[in-house]
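Beneath this line is the structure, given in C-alpha cells, with notes to follow.
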Amino acid sequence: MSGLVIAAPLRFEAFMIARGRPRARVRQTGVGPRRARAAVPGLLEDPAEVLLVLGFGGGLMPDSEVGEVVVADEVVGPDGARVRCANTSALSHALESRGLRVRCGTVTSVARPAMGKTRVRLREAGAIAVDMESAWLAPAARGRPFAVVRVLSDTPRRELTRPLLTVAGVARASLTLRRVATALREWVP
C-alpha cells in the first residue's frame, strides 16, 4: 500500500502509527489549525494516491469509550464546510476484522479542545467525534481519496480536565492507534 500517506498531528501519534508498521508513509503534521494548514503544501507534494488523517480525537456520544475507533464518513469544519470521506465501509471493515470497536459518522474540527457544553452542541449538530486538524488537512487530498480515522482519547465522561483520566485515556488510545496502523496493512483504498 505504498500509495497511502498518513497525516498524524502529534509526534507521539506518528511514532505509535509507525510502530504498527502500516504500508504507508507517516507524516507528522502538527496540532491545531495553523500547523495543519502549514502541512498542506508538503502533503500535496507527496505522490500518494490516498490521504489518511490518523490520530487521537474526542468522543461526543454519551456512550463513547476511550480507545474506540471513529471512521469519518465526512468532516465538518468550524465554518460548516463539509468534506466527504472515501471508502468508509471498506476501512471500517478492515478495522473491525482486527477486533477493533468502530463507529462511523461525522467528525467535526474545532480550533480549541471541546469540553462540556461545546461537546453537547457539536453532538446536537450531528457529529460523533471532534478533532483539531482534519478539516484543515482536507485540502491536501486535492483529487485523491481522503479518509479520517480518530481513536478516542477522551469522552464526555472522561474529559481532558481530569489529569489522571487523561493520562490513562491517552495510554489506552495509544495502544489502539498502533492496532489501527497494523490493520491498515489489509486495507486497500
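Values in this text are rule-based calculations from the coordinates and carry no lab data. These figures come from a predicted structure and were not determined experimentally. With ideal geometry, Cβ positions are generated from the backbone for all residues, glycine too; neighbour counts draw on all protein chains shown.
Going by the conditions given, is Val70 under 19 Å from Ile17 (Cβ atoms), part of a strand (DSSP E or B) and under 15 Å from the mean Cα position of the chain (by Cα)? Spell out how you get there, then give the answer.
Working: under 19 Å from Ile17 (Cβ atoms): yes; part of a strand (DSSP E or B): yes; under 15 Å from the mean Cα position of the chain (by Cα): yes.
Against the criterion (under 19 Å from Ile17 (Cβ atoms), part of a strand (DSSP E or B) and under 15 Å from the mean Cα position of the chain (by Cα)), Val70 qualifies.
Take the residues in the stretch 78-98 that are touching a residue at least 60 places away in the same chain (Cβ under 8 Å) and either in contact with a helix residue (DSSP H, G or I) (Cβ under 9 Å, 6 or more places away or on another chain) or closer than 18 Å to Gly20 by Cβ (or both); name whichever of them is surrounded by the most Cβ atoms within 10 Å (Cβ to Cβ).
Per the criteria, the residue is Leu91.
Could you look through the stretch 13-27, keep only residues that are in a helix (DSSP H, G or I) and touching a residue at least 40 places away in the same chain (Cβ under 8 Å), and pick out the one that is surrounded by the fewest Cβ atoms within 10 Å (Cβ to Cβ)? Even if it seems obvious, please write down each step before you answer.
Initially, the stretch 13-27 is screened for residues in a helix (DSSP H, G or I), giving 13-19.
Subset that is touching a residue at least 40 places away in the same chain (Cβ under 8 Å): 13, 16-19.
Numbers: Glu13: 25, Met16: 25, Ile17: 25, Ala18: 17, Arg19: 13.
This residue is Arg19.
Looking at Arg37 and the list (1) in a helix (DSSP H, G or I); (2) within 15 Å of the chain's Cα centre (by Cα), which single condition is not satisfied?
The one condition Arg37 does not meet is (2).
What pairs come out if I take residues in the stretch 106-128 that are closer than 14 Å to Gly57 by Cβ and pair them with residues that are hydroxyl-bearing (Ser, Thr, Tyr) and exposed (fewer than 14 other Cβ atoms within 10 Å of the Cβ) whose C-beta lies under 9 Å away, six or more apart or interchain?
Met115/Thr161
Tell me, please, whether a residue that is touching a helix residue (DSSP H, G or I) at 6+ places or on another chain (Cβ under 7 Å), buried (at least 18 other Cβ atoms within 10 Å of the Cβ) and under 22 Å from Ala183 (Cβ atoms) can be found in the stretch 28-40.
yes
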